[in-house]
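Read through the structure below, which is laid out as structure tokens, and then see the notes.
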Amino acid sequence: MRLILLIVVLLICNACGRFGTSYPESEFPSRTVTVNGVQYGYRVYVPPNRNPSEKLPVMLYLHGSNRRGTDNQSQLADLYENIKGFPENWKFIVVFPQCHENTFWAGPMMEQSLAALYQAVKEFGGDENRLFIAGYSMGGFGVWQSAITHPDKFAALVSVAGGVEPVGEVSDEDKALLSPQVTAAALAPDTHRAYGEALKSLPIWIVHGSKDESVPVTESRKLVEGLKAAGNADVNYVELEGVGHGSVVPAFSDPKLFEWLTKQRKNVSQRSN
């Protein structure tokens, strides 16, 4: 009962948003990273009372489209209430880059997110063999694009209300931001199967609401089919019955997700430089 009530509270808080809220530096310190002469802000969550000699897993979290900007605050809204409500689940470092307006998680935005991840790993003593990438909505698309572009970088992928096929028209300008790997998969006869083949060795957790009217639930279903057809032995799918696009709170309130994440680790010999 406590879990159900807390999820309801989190849903309300998330729906209201936290724009204009100043998140405490003591809990989510802000940092900057410079890529190609441009400075980007990001925030970090480090579990309190951690053993400083212990290398922790690190999650790169890519937010949804309504958190874009340069305030270095809004990107925390997706997970803030989950972390505060269930701190026992978050026994790893989380890196929160922020995507700028009028763009998405590709090109410079992908580069700055990875740069923030690597910088945080170095600063906070993260475990390079336990790097996770997670995202919601636009960020869910971003995790697939980042993973297929850098298939050997992550120990696990978490996609919430994401997909790989665009839900609207893609301009030539936006297409130019896509990596060669993303472009090749988009031109394949079966895009979902192409992602499945490229990521068949990556442990994956997918969550989607069955009533999602923004990103069709068929996106996640087809990805699951493509991954399983390619032989992925660790693809997990949670379809939230009756839930619409606002699935980020229940997705990250599932203790099974965190139990699964604790088991994910890359073999050093498999990691590319």
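The values are calculated or read from the model by the stated rules, or taken from the named source; none is laboratory data. In this text, all values refer to a predicted model and were calculated from it rather than measured experimentally. Note: ideal-geometry Cβ built from the backbone for every residue, glycine included; neighbour counts use all protein chains shown.
If only one of ALA156, ALA116, ALA134 is crowded, with 23+ Cβ neighbours inside 10 Å, farther than 23 Å from SER247 by Cα, touching a strand residue (DSSP E or B) at 6+ places or on another chain (Cβ under 7 Å) and among the hydrophobic types (A, V, I, L, M, F, W, C), which one is it? Before you say what the answer is, go through the steps one by one.
Working: ALA156 fails: farther than 23 Å from SER247 by Cα; ALA134 fails: farther than 23 Å from SER247 by Cα.
Answer to the check: ALA116.
For (1) buried (at least 20 other Cβ atoms within 10 Å of the Cβ); (2) more than 16 Å from the chain's Cα centre (by Cα), each residue gets a yes or a no:
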site: GLU213; (1), (2): no, yes
site: SER220; (1), (2): yes, no
site: HIS245; (1), (2): no, no
site: SER253; (1), (2): yes, no
site: LYS256; (1), (2): no, yes
site: GLU259; (1), (2): no, yes
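Checking every residue in the stretch 12-32 against the condition of being modelled with pLDDT of 95 or more, in contact with a helix residue (DSSP H, G or I) (Cβ under 8 Å, 6 or more places away or on another chain), β-branched (Val, Ile, Thr) and not in a loop (DSSP other than H, G, I, E, B) gives zero matches. Scanning the stretch 111-130 for residues that are touching a residue at least 40 places away in the same chain (Cβ under 8 Å) and more than 17 Å from HIS63 (Cα to Cα) turns up GLN119, ALA120, VAL121, GLU123, PHE124, GLY125, GLY126, ASP127, GLU128, ASN129, ARG130.
Looking across the stretch 48-69 at every residue that is farther than 19 Å from PHE154 by Cα and in contact with a strand residue (DSSP E or B) (Cβ under 7 Å, 6 or more places away or on another chain), the one that is modelled with the highest pLDDT is identified as GLY64.
Here the condition is being farther than 23 Å from GLN75 by Cα and either of a type in the set (A, V, I, L, M, F, W, C) or at pLDDT 95 or above (or both); of ALA116, ALA120, ALA188, it holds for ALA188 alone.
Could you tell me which residue of the stretch 222-241 is surrounded by the most Cβ atoms within 10 Å (Cβ to Cβ), considering only residues that are among the aliphatic types (A, V, I, L, M), more than 21 Å from ASN129 (Cα to Cα) and in contact (Cβ under 8 Å) with a residue 24 or more places away in the chain? The residue in question is LEU223. What do you reckon, is PHE86 over 24 Å from SER253 (Cβ atoms) and in contact (Cβ under 8 Å) with a residue 60 or more places away in the chain? Answer is no for this residue.
For the stretch 44-70, a tally of residues being touching an Asp or Glu at 6+ places or on another chain (Cβ under 9 Å), under 21 Å from THR103 (Cα atoms) and either part of a strand (DSSP E or B) or of a type in the set (A, V, I, L, M) (or both) returns 1.
Is there a residue in the stretch 122-136 that is farther than 26 Å from LYS256 by Cα, in contact with a helix residue (DSSP H, G or I) (Cβ under 9 Å, 6 or more places away or on another chain) and not hydrophobic (A, V, I, L, M, F, W, C)? Checked against the condition, which is being farther than 26 Å from LYS256 by Cα, in contact with a helix residue (DSSP H, G or I) (Cβ under 9 Å, 6 or more places away or on another chain) and not hydrophobic (A, V, I, L, M, F, W, C), the stretch 122-136 yields no hits at all. Among the residues of the stretch 83-109, those identified as out of contact with any helix residue (DSSP H, G or I) (no Cβ under 6 Å at 6 or more places or on another chain), part of a helix (DSSP H, G or I), of a type outside the set (Lys, Arg) and over 13 Å from TYR42 (Cα atoms) are ILE83, PRO87, GLU88, PRO108.
For the stretch 18-38, does any single residue satisfy the condition of being of a type in the set (Gly, Ala, Ser), within 15 Å of the chain's Cα centre (by Cα) and surrounded by 12 or more Cβ atoms within 10 Å (Cβ to Cβ)? Taking every residue of the stretch 18-38 in turn, none turns out to be of a type in the set (Gly, Ala, Ser), within 15 Å of the chain's Cα centre (by Cα) and surrounded by 12 or more Cβ atoms within 10 Å (Cβ to Cβ).
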